Every structure is written in C-alpha cells, then in structure tokens.
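Engineer: Once you've had a glance at the structure underneath, I'll fire off some questions.
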DNA sequence: GCCTATAAGTCAGTATTATTGACATATTTC
DNA sequence: GAAATATGTCAATAATACTGACTTATAGGC
C-alpha cells in the first residue's frame, strides 16, 4: 500500500527549491495564521508534473533541463544576446557555454553576429529548434487546456493573476511586460531596433 | 559592467525542468490552438520565486534543497519510514543518505525504530527541526497571504483548484488526500496504526 | 589611430545533487 | 533455519552549477 502510493515514475530531483532571491526572512509567523501547507504542497506537486512534460519530451533528444531553459527563452525572445540570456537564466557564462554549445552543435540554435554590435552574438532558434520548442510548448499547453476544460475557461484569468501575484513584486512588471505583449506571437526581439542597422 | 550585469543574486539552477513522469507526448499541437506561452512562463517565474523563499532561509543553516525536501515531508508526514520517504522524493537511498545523515547529525530529524517492524526507521522532526520547518512554511505562507491580500480571499479556492488540476490525474487523489485532511494540523502519521503496537 | 571598456569564449578546479551497482547487517516471515 | 525485506554503505559516475583567471574581438572615447 505504501509502495503503490508513489510508484509512478522515476523523477529527477529539483523541485521544492530554487534560486535564492532577495527575499527577506522576517521571522516566524506572519500574524498567527496557520501555514498554508495545502498550497505549499500543491505548488510542489503541480510544478513537478508540469515540468515533467517538457522534461520527458526533451529527454528523447538527449537534452536536459539546462537545454530546455535555453531553448525556451531563445524561442520567446529571439535575437537576444548572450548577456541577456545570462540575465534571464541567472547563471554564469561558463555554465551556459556547455549547454549552448550543444544546442548549436545539434543545430537547434543559431548565433549571428550582432547587427549593431558585432561583439554580441544574437541567438535564434533554427527551424529544427523551433519545431522542438513548439512541441514542448504544445505539450505543456495541453496540460493547461485540460485544466481549463475541467475548471472552465473563466479559471484561466484567475490562474494568470494568481501566478503573476506569486512573482516577486520587483520582477513582476518585467515579467508582465514580457508575457503580455508576446503571449501569442512571441517574436518581438527580431523586430526591435537592435537587429536593424 | 558585465560584472554588475549578473550580480543580482547567486541563483541555483533547477527550475523550468523536473522529474519525468508518465507523460505521453501525443504529437505537435493539441488542436490548432496557440501554445499558452504566458502561463508557461508564469509557472516558471512564480515557482522560481516561491521556492527561493525557502531556499534563502535554509541557506543560513547550511542546508540545501535536498535537506529542505526531507524536512518538509518529514514534517508533513511524521513517522514515515525511509522507504516511504524515498517513494515520495523519488530518489535512491544512496542519495537520501547523505542528506538525512546531515539532518540527523544536526539534530533536525530523529529516527526511531519502527514500532511494528524494528527493521524500519521512522522519521520525526526534533523540536529544532520543527521550528525550522515551521519557519520555512511560514515564510512561504507569507507569500500566499500577500497574494490573496492582493487578489482577495476568494482567489484562494481558485488557486487551490487550479494547482490541483495541474497535477497528473493519477496522482491527484493521493495528493488531495494528503493535503486536504492534514492541511492544518499536519500530524496524522503519528496517529496511524503503524506507530502503535 | 590608440587605449580602454565591453562581449564573449575558454581553461581549470570544485560543489551539490543526483545516478548505478554491489554488498553488508538486522529483522521479519514462512 | 532460510528467504525476503528494510536499511546502510562503498565506489564510481553524471548533470548542473560555481569561482577565478585569462584570451580574443570589437566598440567607443580621446
């Protein structure tokens, strides 16, 4: 009985923890209220299963979590520079290097000299890369589609609001800006001035 | 300037990816709909900041993400066995060992011989461990409190429904069962039959 | 044009969290 | 008593990250 309880799959361990942000620990309880154990645990499991979709798919291509992140953000912000990518991913260039090199080698990502500044390398997905990124995004979107088929489409706005509110206030605007305008099309950077002469 | 550019925080990399589940990739698009890039990205950022809270706090105690998971689940299911913990965490006992040993050494966790089966070791938090686990939970709960202060308390049920629906269907009942009844008190295992003679 | 700053790439060494495989020990169950 | 089970442990490895130091190419100020 206890066996069957958690048998489903071989999961990699990475959740329930993450990067440190500028969060300040203000001391024990907020104001006497009980901790929201339910939501804490739900966040853990929901995220676990959510990312598992992408993880599972990309594994077939010999790509790991680091590759996924790069693929995702290059897809979302085509034309971004190495520095910008490092800013988003919050990793060092040494860490990025291995992963990016593999993505370049395997022809998922393409780097072009910066149009304005030749020192920069602007990153784009190749056709292959775009197919893969879209496949991942579609798989993840399928989960959302099922969720809102169950909860009703009205729940989508609520979920969006909830997730946005969960983001650190100082980053919320940036994320909202990145998300809102490009939610559907997703190709703003290609059009911005940096890629023009 | 490149220095300053990346200085914000020293973040560990683990998000936007996770364990593999039994998710089946059914082919490109679901039915022609655009991928939900907005929600995909929101999940990433929301979870990133959410777990950063715990991460940041535990770092002061020399504890990492693996320790957090153990602390969390032992707190939530006191009296669980090594095997049960491994099942939940989906890691090997070799991986658990180092982490658990540290938590035992540092007196956050306590292991007692199984009451029914002396081969088993049942895990409990010590007073210290409970204080720490509660501090983490309170910090994470603070974020939820702020979110629902902003969105209104009505949003809490919606968020719960959303997160629950995001969990793989085959696990949903188990998680719901674990979460619902013990959301507040959190000490069910101690009372279950396994710890009795 | 030169000098400095910047963007990126690279080499070397290390940490954390995970893995697989093999085997030892204590205890339960048949 | 023998086999199964729960746990612990040794050893080697992988993926993802880190710091520090250095090179190369290009941009920009003077």
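The values are calculated or read from the model by the stated rules, or taken from the named source; none is laboratory data. Please read these numbers as outputs of a predicted model, since none were measured by experiment. When we count neighbours, we look across all protein chains shown, and the Cβ atoms used for this are built from the backbone with ideal geometry, even at glycine.
Engineer: Select from the stretch A:108-119 the residues that are at pLDDT below 95 and away from DNA strand C (no atom under 11 Å from the Cβ) and list them in ascending order.
Structural biologist: A:115 - this is the single residue of the stretch A:108-119 that is at pLDDT below 95 and away from DNA strand C (no atom under 11 Å from the Cβ).
Engineer: Next question, about the same structure. Does residue A:94 satisfy being within 12 Å of DNA strand C (Cβ to nearest atom), within 12 Å of another protein chain (Cβ to nearest Cβ) and farther than 18 Å from residue A:65 by Cβ?
Structural biologist: Against the criterion (within 12 Å of DNA strand C (Cβ to nearest atom), within 12 Å of another protein chain (Cβ to nearest Cβ) and farther than 18 Å from residue A:65 by Cβ), residue A:94 does not qualify.
Engineer: Sticking with this one: If you take the residues in the stretch B:50-65 that are at the interface with another protein chain (Cβ under 7 Å from one of its Cβ atoms) and free of Cβ contacts under 8 Å to residues at least 60 places away in the same chain, which one is surrounded by the most Cβ atoms within 10 Å (Cβ to Cβ)?
Structural biologist: My answer is B:51.
Engineer: Out of the stretch B:30-63, which residues are over 20 Å from residue B:139 (Cα atoms), at pLDDT 85 or above and not in a helix (DSSP H, G or I)?
Structural biologist: Scanning the stretch B:30-63 gives B:35, B:36.
Engineer: I'd like to verify a number: residues in the stretch A:42-80 that are touching a helix residue (DSSP H, G or I) at 6+ places or on another chain (Cβ under 8 Å) and farther than 30 Å from residue B:177 by Cα, how many?
Structural biologist: Matching residues across the stretch A:42-80 total 20.
Engineer: Another one. If a residue must be surrounded by fewer than 19 Cβ atoms within 10 Å (Cβ to Cβ) and away from DNA strand D (no atom under 12 Å from the Cβ), how many such residues does the stretch A:89-123 contain?
Structural biologist: Selection size over the stretch A:89-123: 7.
Engineer: Filter the stretch A:44-86 for residues that are touching a strand residue (DSSP E or B) at 6+ places or on another chain (Cβ under 8 Å) and within 12 Å of DNA strand C (Cβ to nearest atom) and give the result.
Structural biologist: The answer is A:70, A:79, A:80, A:81, A:82, A:85.
Engineer: Take residue A:85 and tell me if it is within 15 Å of DNA strand D (Cβ to nearest atom) and either within 23 Å of residue A:176 (Cβ to Cβ) or within 12 Å of another protein chain (Cβ to nearest Cβ) (or both).
Structural biologist: yes
Engineer: If you take the residues of the stretch A:126-152 that are surrounded by 21 or more Cβ atoms within 10 Å (Cβ to Cβ) and in contact with a strand residue (DSSP E or B) (Cβ under 9 Å, 6 or more places away or on another chain), which of them is farthest from the other protein chains (Cβ to nearest Cβ)?
Structural biologist: A:129
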